[in-house]
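J.: This is the structure I want to talk about, given as structure tokens.
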Amino acid sequence: MSLKALVDFSVHLESFRNIDLVNQGVYRFKTNLYYEVKDKKYYAQPYFITECYKNGPALNSNVNKSGDGKMTYAHINDETASYYSRSFLIRFCEEEIELNEICHFQAEIEAHNFTSTTFHFVVELVHSTYSNIGNKTDKSGEPGNVQVEQKSLEVFRAKVSLSKSAVHEYVPVVFDNMNFSILNTTFHFMVLDFRFRVDDSHLLVGTKDGDNDKIEILLDNRTNGNGGNKGRNFDDLDKLATKTFPEYLKKHFKAITYERLSDTFIALLKNNYETLFNCYNELSNKCLMESHKKKFNSLLQPPMKLIVPDVWKSGDVEEDHRGKEKDLDFLANAVLSEINFISGELLYLWFKFMELIKITPRFVLEVLKFDYTKKMRERWSDNILRQIIRASDYTIPSSAKLGEKHLQLALKKRKNIGTESFEPIYVEDVNMKPTPDNQPILFENIHIKETKENITDTTEIENSFFDSDNSSYKGIHLIILVHGFQGSSYDMKLIRNNLSMLHPEALILCSSSNEENTEADIAEMGLKLANEIQTFINETCPSNFIGRMSFIGYSLGGIIIRACLPHLEQYADKMFTYFSLSSAHLGFLYNSSKIIEAGMWILKKWKKSQSLTQLSLADTSNPEDSFLYKLSQAPGLNWFKNVGFVSSWQDQYGPFESVRVEPSKEALSDSSKGLLYQRMAKNILGNLSTNNLYRIDVNFNIQESNLDSMIGRAAHIKFLESQPLIRMLFYRYENFFS
């Protein structure tokens, strides 16, 4: 005997966006929900699929119960407790497919302390191989060819933490391995009812069968294999529950009173109704337009406030008998009656809420996405330690041994990862949850140039950071990504994919013009990049459509960008954000690693690397005639509204102060080259028009013991490979790339 909480889950697959799928072809999604107890999985049962409305109320999707792999429609497979979306054909990169399907799942869990149960939300990206796809389609627009093979390419996993109240969240289902893509999803769930069960024969239980899960007890297991009834039906169960519920109460409650039972069960359902009622009205006000109200008037009648008949107080039992054991049957029936009444009203409101989503799916998604982004920004920001530095000159050196201090602070900060208290995200991507092992710690120095005319306080800085006014920029935001020494455009793939995921409206160019020879003259590489950008604009969109232009350069790429800028002067008023990742802007005059210094000497002598010679300021006899010194005097960075230098003290390939464009202690004490070094920094920073300069030091938790970590290259590579770092930067500096 047990009392179960009935939880209804609604999964809305709004749209799918192909960012970087490997193959063209036909795709679909397979979705499961389950919780685990010891070695068994208890599956939520998918039971109903519906489509969002287009031009008017539409028929439900074709729900195919057979689970036939050749079907292209959405269907439910009872054998695996899975929901399969409809199939769709992907031909192009950046292609977006509107799905707008909703599947309902139900699960029953122990009512006692049910919020401790964690569900697993699993979505598989399934690739279907068809013969001779071509352009052949059937009348419905679906691929009409015969399917040959289905293969699961990627798996998304999220943990679902239950709540006593209704939950409505945006869930970005991100496949970020070899097939970078995003399924925009909203996820809704709540407790709809409490049901008394004599046994668990109605649950779907999965056990391990080799590498696969096997459902061994199905929802319809009350019937034998031939469909014959075993002698128990739902009416019998309801009658049995009425008889045995008092026994359950005596076993699990020391003091059995109406108030106690009401507080435990009835109050929760009432609260769920009220919160869902309020959420419905709030989303209606935010999402419904007048056109929606006219077209769907019959479906948008406002819900009613909940009025519950008081069965207990209206009973015919005398007052002095209330709560006594001989009246336990009456009390149990009264509680069950109220639960049944409220759950019926709650179910009606729940599906009315789903109608609202079906009428305006994109608007509801955007409202929930806004809340999600805010929560994620809060989480990422917790691992960013900020210091505001006010000065009249950006070239004032940072405090001594800054990198060592950051290292000690990072070690202390990592001990507290996982103990923070945030506004909850109930459906959380397991790969997005920070751990001490994978979480970078960022040290953000915001340098504020202050004059007598420009005095700001911390609050103004914070507000301007998150509410940057981009209204003066009209048109497309073009973002150019530039790889580093001996690199290729493929190196920027992870940055490009995450940027595209968070800013789908942006136009992104991964530069490839210098892939063949990054050991050439940096000035020539800058000219090649400028020509590549101009060609890209000419071929992609008219130049007057470009509203903003931003750059992200990795390592040598950050220098190549600066060499490119004088050739793009016609776009000076469109320059928006410049970010360099471990780019040695002041060269390698002061290299902290003898190993790196020796390696560079070999490359310069044996490989005749002109770019490394230029970065060492050894390309001319007089350093003031060197390419890098002259580049420090060239225009370009002064055009940008946002400028950020991202460094890592652990990175021996990018000298710390050179990457941050600030004088080092060696430069300040060096009477020969030190003055040149300081002048270069002043040349670069002196003409910046932005009032806020961002210097960001990244501390990685590098645990590997290999050659890369020994020579200080591991941190340099992580700028390209660390998914948490890339997402932190783009969530934190969202407005810099919007």
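J.: Looking at (1) of a type in the set (A, V, I, L, M, F, W, C); (2) at pLDDT below 95; (3) more than 27 Å from Pro440 (Cβ to Cβ), which is the only condition Trp639 fails?
T.: (2)
J.: In the range 409-454, how many residues are at pLDDT 80 or above, of a type in the set (S, T, N, Q) and loosely packed, with under 11 Cβ neighbours inside 10 Å?
T.: 1
J.: Let me confirm something: among Ala241, Ala255, which residue is modelled with pLDDT under 90, aliphatic (A, V, I, L, M), over 30 Å from Ile359 (Cα atoms) and surrounded by fewer than 18 Cβ atoms within 10 Å (Cβ to Cβ)?
T.: Ala255
Yes/no per residue for (1) out of contact with any Leu (no Cβ under 8 Å at 6 or more places or on another chain); (2) in a helix (DSSP H, G or I); (3) over 24 Å from Arg695 (Cα atoms):
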residue: Ser611; (1), (2), (3): no, yes, yes
residue: Glu624; (1), (2), (3): no, yes, yes
residue: Ala634; (1), (2), (3): no, no, no
residue: Asn638; (1), (2), (3): no, yes, no
residue: Val646; (1), (2), (3): no, no, no
residue: Trp649; (1), (2), (3): no, no, no
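J.: For the range 529-572, name all the residues that are surrounded by fewer than 19 Cβ atoms within 10 Å (Cβ to Cβ) and polar (S, T, N, Q).
T.: The answer is Asn531, Gln534, Thr535, Asn538, Thr540, Ser543, Asn544, Gln570.
J.: I'd like the full set of residues that are of a type in the set (Asp, Glu) and at pLDDT below 95, limited to the range 527-563.
T.: Hit for the range 527-563 is Glu539, nothing else.
J.: While we're looking at this one, here's another question. Residue by residue through the range 105-139, note down the ones that are among the charged types (D, E, K, R), at pLDDT 75 or above and more than 18 Å from Asp193 (Cα to Cα).
T.: Result: Glu124, single match.
J.: Restricting to the range 245-288, give me the number of residues that are under 31 Å from the mean Cα position of the chain (by Cα) and free of Cβ contacts under 8 Å to residues at least 12 places away in the same chain.
T.: Qualifying residue count, the range 245-288: 3.
J.: While we're looking at this one, here's another question. Keeping to the range 87-126, report how many residues are in a strand (DSSP E or B) and within 24 Å of the chain's Cα centre (by Cα).
T.: Total meeting the criteria: 21.
J.: From the set of residues in the range 261-299 that are farther than 19 Å from Pro361 by Cβ and among the charged types (D, E, K, R), which is surrounded by the most Cβ atoms within 10 Å (Cβ to Cβ)?
T.: Lys270
J.: What's the total number of residues in the range 396-405 that are under 22 Å from Asp651 (Cβ atoms) and either in the same structural domain as Pro724 (by TED's automatic domain parsing) or hydrophobic (A, V, I, L, M, F, W, C) (or both)?
T.: Qualifying residue count, the range 396-405: 2.
Condition check ((1) under 24 Å from His585 (Cα atoms); (2) free of Cβ contacts under 8 Å to residues at least 24 places away in the same chain; (3) not in a loop (DSSP other than H, G, I, E, B)) across all residues:
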| position | (1), (2), (3) |
| --- | --- |
| Phe363 | no, no, yes |
| Glu366 | no, yes, yes |
| Met376 | no, no, yes |
| Glu404 | yes, no, yes |
| Leu411 | no, yes, yes |
| Asn431 | no, no, no |
| Glu444 | yes, no, yes |
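J.: Could you say whether any residue in the range 84-97 is out of contact with any Cys (no Cβ under 8 Å at 6 or more places or on another chain), of a type in the set (Phe, Trp, Tyr) and modelled with pLDDT under 85?
T.: There is at least one residue in the range 84-97 that is out of contact with any Cys (no Cβ under 8 Å at 6 or more places or on another chain), of a type in the set (Phe, Trp, Tyr) and modelled with pLDDT under 85.
The values are calculated or read from the model by the stated rules, or taken from the named source; none is laboratory data. Remember, predicted model here, so these are calculated numbers, not experimental data. In this analysis, Cβ positions are derived from the backbone assuming ideal geometry, glycine residues included, and neighbour counts consider all displayed protein chains.
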